[in-house]
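Here, each number is a calculation from the coordinates, and none is a lab measurement. No experiment lies behind these values; they were computed from the predicted model shown. Counting neighbours? That spans all protein chains shown, and the Cβs are built from the backbone with ideal geometry, glycine included.
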Amino acid sequence: MTNNDHSPRTALIVGDVQAGIVREFPFARPVVPILADAIPRARRAGMHIVYLRAGLRPNGTDIHPNNTVMGHFHSMGEVFHDTSDDTWIDSALTVEPGDSVVLKRRASGFAATDLDLVLRSQHIDRVVVCGVASSAVVAATIYAAADLDYRVTVLSDACADPDAAVHRFLMEALFPARGVAVLTAEEWLGSIDSPAL
């Protein structure tokens, strides 16, 4: 979908809420119904929806020996192999033709992807980040977005982490200290017309 309106826009970035992760990592499941409600509402309000999809080459040629985290994910097989249906967006979330799906091979949605190109092509100047895990795709994407001068909001209840204390620390202390607006999904949806959010 081409955006011919050059006014600044907002993108909702949904990170790694995909079939295999939701199935294999129980901490991820509670965000799915929140996002299943929030995404269509954001889309109707004119937000551009971006899904980040984590996937690695089955032959491992994108796994550096120094990157033990990605090596571990790759060893989980189909859950993280980019040719597997497990790496597709969870079926409870709808991908519409005007949405963007960005394949990523590292934690950040911006690392070696075309995410920045997609956002700038759609005249996006604010990103709203959510997904799993808070300490991985969410944090990495937030920091990269801030470094690229996007205005950043995170939806606290539409993110989750295997360590609840880490999630709370990020949402209550670290992200606000870095200038990130922290809202619940409902707070954000209720204030979507406010230029301050």
**OP:** Quick one: which residues, 5+ away or cross-chain, put their amide H under 5 Å from the amide H of Asn67? H built at 1.01 Å from N.
**Re:** none
Original post:
Once amide H atoms are built 1.01 Å from N in the peptide plane, which residues 5 or more positions from Arg151, or in another chain, come under 5 Å H to H?
Top reply: Arg126, Val127
Original post:
Which of the peptides 19-29, 59-69 is most tightly packed, and how do the rest follow, going by the mean number of other Cβ atoms within 10 Å of each residue?
Top reply: 19-29, 59-69
**OP:** Return the calculated 222 nm mean residue ellipticity for the chain, to the nearest 500 deg cm²/dmol, obtained by summing -39500 (n - 2.57) across DSSP H runs with n ≥ 4 and dividing by the residue count.
**Re:** -7500 deg cm²/dmol
**OP:** Towards the positive end of the charge dipole of the range 9-190, with charges on Cβ (+1 Lys, Arg; -1 Asp, Glu), say which of Val17, Cys130, His81 has the farthest Cα.
**Re:** Cys130
Subject >> Alpha carbon convex hull of the chain, projected area averaged over orientations, nm² >> reply: 10.5 nm²
Original post:
What full-extension length gain, to one decimal in nm, is calculated for Thr68 and Asp149 as 0.36 nm per residue of separation minus the Cα-Cα distance?
Top reply: 26.2 nm
Original post:
Taking only C-alpha pairs under 8 Å that are 6+ residues apart, what is the relative contact order of the chain in percent?
Top reply: 26 percent
Subject >> Order of His72, His81 - criterion: other Cβ atoms within 10 Å of each residue's Cβ, fewest first >> reply: His72, His81
Original post:
Restricting to the chain, what percent of DSSP beta bridges are antiparallel, rounded to 5?
Top reply: 5 percent
Original post:
Around Leu56, which amide H atoms from residues at least 5 apart in sequence, or from another chain, sit under 5 Å from its own amide H, with H modelled in the peptide plane?
Top reply: His81, Asp82
Original post:
Looking at Ser108, Ser156, Leu183, which one has the Cα that reaches farthest to the positive end of the dipole of the chain (charges on Cβ: Lys, Arg +1; Asp, Glu -1)?
Top reply: Ser108
Subject >> Ranking of Val166, Val14, Val154, Val132 by count of other Cβ atoms within 10 Å, fewest first >> reply: Val166, Val154, Val132, Val14
Original post:
Across the range 70-84, in residue order, what do the Karplus-derived ³J(HN,Hα) couplings come to in whole Hz, using 6.51 cos²θ - 1.76 cosθ + 1.60 with θ = phi - 60° and x for Gly and Pro?
Top reply: 5, x, 5, 4, 4, 5, 6, x, 3, 4, 10, 7, 5, 8, 8
